[in-house]
Amino acid sequence: MAERFYVTTPIYYVNDAPHIGHAYTTIAADTIARWHRLCGRDTRFLTGTDEHGQKVMRAAAKLGRTPQEHCDLLHERFKALWVKLGVQYDDFIRTTEPRHQAVVRAFLQKLWDKGEIYPKDYAGWYSTSAERFWTDDEVAVASWQKAHPGTQGSAVAPAEPVADLVAKLKSGALSPVCPDSGQPVEWITERNFFFRMGAYQDRLLAHIEAHPRCIQPDNRRNEVLGFLRKPLEDLCISRPKARLPWGIPLPFAEDYVTYVWFDALTNYVSALGEPGGELHARYWPADLHLVGKDILTFHTVYWFSMLMALGLEPPRQVYAHGWWTVKREKMSKSVGNVVDPMRLVDVFGVDATRYFLLREIPFGYDGDYSPEAALLRFNSDLVNDFSNLVHRVVKWADVPLAEAGQLGELDAALLAAAERATAGFRVQVEALQFRDALEALWELVRAGNKYVDSAAPWALAKAGDTARLAQVLRALREVQRIVVSHLACVMPATAADVLGRLGLSAPDLRVQFDVLAADSTARAGDPLYMRLDAEPTLAALGVVPAAAPAAVSAPKPAKEPAVSETAATPATITYDEFAKVALRVGLIQSAEKHPNADRLLVLKVDVGEEVPRQIVAGIAKFYEPEVLVGKRVVVVTNLAPAKLRGVESQGMLLAAGGSEIASLLMPLHEVAAGAVVK
């Protein structure tokens, strides 16, 4: 029996318009699912929509629709986006489907029969926007932060004890707000049903500590462990129908509906049918739940304890990725900085958008979106490197290949590069480190272009050396096959195009130079990607060019002050003076926050020397440390060492911008660390 792999995305709330965050999670899930299919594994990929809750009911009423009519319309937005982005899911589940509701009700009845659910009166702060209750402490801190601009959602602690804030909350001196959204919350007293989640605290801790890979990355695992080392309360899993009729009724109390998170989390099982069925036996437990970091607690503490109470095994891994931000701020409809993935597709195309989202930031961390970065990736990686490799042998597309045989020194070196690159790709993609996986594969793309330069097929053709030309073409076409076969999980349409040009109908992951038939020729085709000009491309992405300063008429002063020419333009220097500045390309190996200064980062930078340089840079406002790792920058290497807030700095990074915009200067091509900048 083949190995199996079951991967899921969160189910997306229908009242949210699909944005780049939804696309990011789903493209990542699609990529890993495609990779496991390529490796011959029995793969199942689930996505879907979350369709119950108060926000859906209120939005439907406002539009004169029933909640079901509202959901029937809105869930199609997600399906349409996944088609547009080339997402190849196996199942799309909706929480309003009968198959899902049947499993939710069966689970609730089982837990009720086991005594895992009980009724009690409850009073607390209820948030309609988050559709959950919050504690006094949580609301008090959020309310204090709301009253102090710049602290909301941050780690800034209140200036007074939380107990005092709770007292102010109860007295009305603080306006109560939701910790998630900042929207008002209301105090509700009502009878509800509770799941004995607190009874599973020790078991949850033991499970997570015994299975360290079950929650990733490690920093997210530590967050969950920290949460579980505080008292764990029982979970309210119902809402009275009198207040919220839009939901799945409890089987043992029909005048109540199920709490939306108990309903939603069950989808990962309900999509396989009830336990005991063929699909459930084949695919459960899930191998991977991909989620955003903001819903990690629900997918670990809530979900794991529910499954334990039901006698089911928890998923093998929950991986929480970070957020895409804009100018270091979380995307928000109220702020107006939400990025529409369809706009990226319209400008760059589907596969280039998928490549950019997975290539730009380390998976698991926050990353800042910028149209300029997307354009740079397109022109550099896809045009200069990848498309160039595919298109450079067009002139000899109809020349048959040499018989597979002994390789020359140059050919053997290229094959060795392919083995290293694909081995790195496999390891990193299965670890969900998509950026590092693509960087490993691009080492082979660059090696292929270097091989073309060294082998010089044009010179061989001119000299009439058809035997060697046929050998070179074999090596080049095999490298193209190897690259696009591995790339097929990220850029499926592009890979299919190139494979078709090579006469192949499907990816072939074998890393050897004897796969293509000797009599095979290639189909030339147009360049895969063409360079995009900055100004119209950025305009299409919504970047408004800086306006020229308007001319202002003003009366001249009686006597104009003399203006020095050297004040208006920088003083010139000689070439010899400029040559004293030693500039080199540096590869950032590590980055961390300065222990004594919030605006500084401490970097370890490889500039081609035996030991990396330690450089302190004032860029913490513009770059998260983890995003910088692996970036190539320009370094001044002959500055005298200096101590910045107690930490020695052995160089300086070059950057552009002032107090509001900062951009490190980075090479267009990923040249070797230590390369001289002239």
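When only residues in the range 587-602 that are without any contact (Cβ under 8 Å) to a residue 40 or more places away in the chain and of a type outside the set (A, V, I, L, M) count, which is farthest from ARG632 (Cα to Cα)?
My answer is ASP598.
So, in the range 404-433, of the ones that are outside any helix (DSSP H, G or I) and more than 23 Å from ALA518 (Cβ to Cβ), which residue ends up farthest from the chain's Cα centre (by Cα)?
ALA431
Can you spot a residue in the range 41-52 that is closer than 23 Å to PRO240 by Cβ and touching a residue at least 60 places away in the same chain (Cβ under 8 Å)?
Yes, that holds for at least one residue.
Please count how many residues of the range 92-114 are touching a residue at least 60 places away in the same chain (Cβ under 8 Å) and over 25 Å from LYS55 (Cα atoms).
Looking only at that region, the number is 6.
From the list PRO285, PRO245, PRO231, pick out the single residue that is under 30 Å from the mean Cα position of the chain (by Cα) and assigned to a loop (DSSP other than H, G, I, E, B).
PRO285
I need a count of the residues in the range 1-58 that are in a loop (DSSP other than H, G, I, E, B), buried (at least 19 other Cβ atoms within 10 Å of the Cβ) and at pLDDT 95 or above.
5
Does the range 496-508 hold any residues that are in contact (Cβ under 8 Å) with a residue 40 or more places away in the chain and more than 14 Å from ALA397 (Cβ to Cβ), and which are they?
If the condition is that a residue be in contact (Cβ under 8 Å) with a residue 40 or more places away in the chain and more than 14 Å from ALA397 (Cβ to Cβ), then PRO507 is the only one that fits.
Criterion first (of a type in the set (Gly, Ala, Ser) and either at positive phi or buried (at least 22 other Cβ atoms within 10 Å of the Cβ) (or both)) does ALA271 satisfy it?
Criteria met by ALA271.
For the range 127-142, does any single residue satisfy the condition of being assigned to a helix (DSSP H, G or I) and hydroxyl-bearing (Ser, Thr, Tyr)?
Checked the range 127-142: no residue is assigned to a helix (DSSP H, G or I) and hydroxyl-bearing (Ser, Thr, Tyr).
Just give me the residues in the range 382-403 being assigned to a helix (DSSP H, G or I) and touching a Lys or Arg at 6+ places or on another chain (Cβ under 7 Å), in sequence order.
Selection gives VAL383, ASP385.
Name, by its number, the condition in (1) aromatic (Phe, Trp, Tyr); (2) more than 17 Å from ARG203 (Cβ to Cβ); (3) in contact (Cβ under 8 Å) with a residue 60 or more places away in the chain that does not hold for PHE304.
Failing condition for PHE304: (2).
Is it the case that some residue within the range 110-126 is charged (D, E, K, R), closer than 26 Å to SER181 by Cβ and part of a strand (DSSP E or B)?
No, the range 110-126 has no match at all.
Take ALA374 and decide whether it is surrounded by fewer than 19 Cβ atoms within 10 Å (Cβ to Cβ) and not β-branched (Val, Ile, Thr).
Considered against the rule, which asks whether it is surrounded by fewer than 19 Cβ atoms within 10 Å (Cβ to Cβ) and not β-branched (Val, Ile, Thr), ALA374 comes out as no.
Just a yes or no: is a residue in the range 210-228 hydrophobic (A, V, I, L, M, F, W, C), part of a helix (DSSP H, G or I), exposed (fewer than 14 other Cβ atoms within 10 Å of the Cβ) and not assigned by TED's automatic domain parsing to the domain that holds HIS289?
yes
Would a scan of the range 449-471 turn up a residue that is under 17 Å from VAL490 (Cβ atoms) and outside the structural domain of ARG34 (by TED's automatic domain parsing)?
There is no residue in the range 449-471 that is under 17 Å from VAL490 (Cβ atoms) and outside the structural domain of ARG34 (by TED's automatic domain parsing).
Which of (1) farther than 28 Å from MET342 by Cβ; (2) touching a Phe, Trp or Tyr at 6+ places or on another chain (Cβ under 9 Å); (3) at pLDDT 95 or above does MET491 not meet, given it meets every other one?
(1)
Restricting attention to the range 324-367, which residues are among the acidic types (Asp, Glu) and either buried (at least 21 other Cβ atoms within 10 Å of the Cβ) or not in a loop (DSSP other than H, G, I, E, B) (or both)?
Passing the criteria: GLU329, ASP346, ASP351.
Taking only the range 256-282 into account, find how many residues are in a helix (DSSP H, G or I) and among the acidic types (Asp, Glu).
The total comes to 2.
Could you tell me whether any residue of the range 132-147 is at pLDDT below 95, more than 28 Å from the chain's Cα centre (by Cα) and among the basic types (Lys, Arg)?
Checked the range 132-147: at least one residue is at pLDDT below 95, more than 28 Å from the chain's Cα centre (by Cα) and among the basic types (Lys, Arg).
The values are calculated or read from the model by the stated rules, or taken from the named source; none is laboratory data. Keep in mind the model is a prediction, meaning the values are calculated, not measured. Methodologically, a virtual Cβ is constructed for each residue, glycine included, from the backbone with ideal geometry; neighbour enumeration extends over all protein chains shown.
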